[in-house]
Amino acid sequence: MERTGHAPQLALAPARLRLARAWETTTVSETVFGRLLGLFVLLTIVASAIGVGRGPAAQTFLLIFTSIVIEALPFILVGALASAAIAVYLPQGSLGWISRLPLALQVPGAALGGFAFPVCECGTVPVGRRLIARGVEPGAAIAFMLAAPVLNPIVLASTWVAYGGHMRGAEMVAGRASLGLVTAAAVGFAFSRAKPGELLRPRPADLEPDHDHDHDHDDSDMGASRPVAFATHLVSDFLFMGKFIVLGAGLSALVQVALPGSVISALGGAPVVSSLALMAVAFVLSLCSEADAFIAASFGSFTPGAQLAFLVFGPLADMKLIVLYGATFRRWFVGRLLLVAIPIVLVGSLVFEALVR
């Protein structure tokens, strides 16, 4: 009788352990984010006390920094809400329609499926791995993984708002959606002949059955744990993405204040050089795709084509993604991704520039 009484608690132990680990990760993220904000506030107070903040350069820095953060945070929150809802409430088999398409349509179909998946690039990497592990064509899973952070409604809406709406915002949204779709599909086709075992790093979790509908767990207890899991994902995702936008806004403002205007004009005026330069900046800044348009729009000295290259390339390859890719795929994955993506994004940005002008 005693064993029977303890059985539900033992069954729920793994779920509670996962929640505890998630809260621990959230606490670490909150600490890092809090330290970043605290450091910024401290520097602002010190600068104001010694009179540095009264200079035109400091005032420009604060204006650019605060405007980017204030405009971007609402979209970060919406993205975190969508990400948490998908992680907790979306059944894992809901994306199985991709594997039922004819082989020739799986890659473009999966890329188009990114329109309905409002999650940034960090959230789509584990989804792509899971799809491949479940038998989806690797090229289709990768196309979906790369397209969703560029094409989803939150990203396109934030892009439209960041560029002031109207015709300019519509042009940037159309350019980002078109070039993002083409690039994701092209990279997907580049991996279409790869085998799952050749592409994925082996993980024991890929061999384990899904536990979404495990009948050993009490339904009421699992239902009660979902709001907790949702809150955990929400806070973790918001703080994770928030600290990157704060860091990115600070770096963007610093670059625009510190670099001489002649250097910025020289880089921004040359179409090829400006596109490559902002692609490199996107790689280093490692921003969230749901708010990176506010950073791109702040580079007013660069051409619209270069800003588009920033918007498309960043969600495909940046410093944080390289780490995620390295933990998910084999070593050769990143090299092939860059080999295909860089020329397409560069040429696409030049074509966009010619059309806009």
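Here are some notes:
- Computed over neighbours whose Cβ is under 14 Å from that of residue 100, the net charge equals 0, Lys and Arg +1, Asp and Glu -1.
- Dipole in debye (nearest 20) - the stretch 122-197, about Cα centre, beta carbon charges: Lys, Arg +1; Asp, Glu -1: 280 debye
- Extending 7 Å from Cα along the Cβ direction at residue 168 and again at residue 70 yields two label points whose distance is 1.9 nm.
- With the simple spin-label model, which puts each label point 7 Å out from Cα in the Cβ direction, the residue 322 to residue 270 separation comes to 2.3 nm.
- Placing pseudo-labels 7 Å out from each Cα toward the beta carbon at residue 103 and residue 228 gives an inter-label distance of 4.7 nm.
- Sum of side-chain charges, residue 314 neighbourhood, beta-carbon under 14 Å (Lys, Arg +1; Asp, Glu -1): -2
All of the numbers you see were taken from the coordinates with simple rules; none came from a lab. No experiment lies behind these values; they were computed from the predicted model shown. Because the Cβ atoms are built from the backbone with ideal geometry, glycine has one as well, and the counts that use them run over all protein chains shown.
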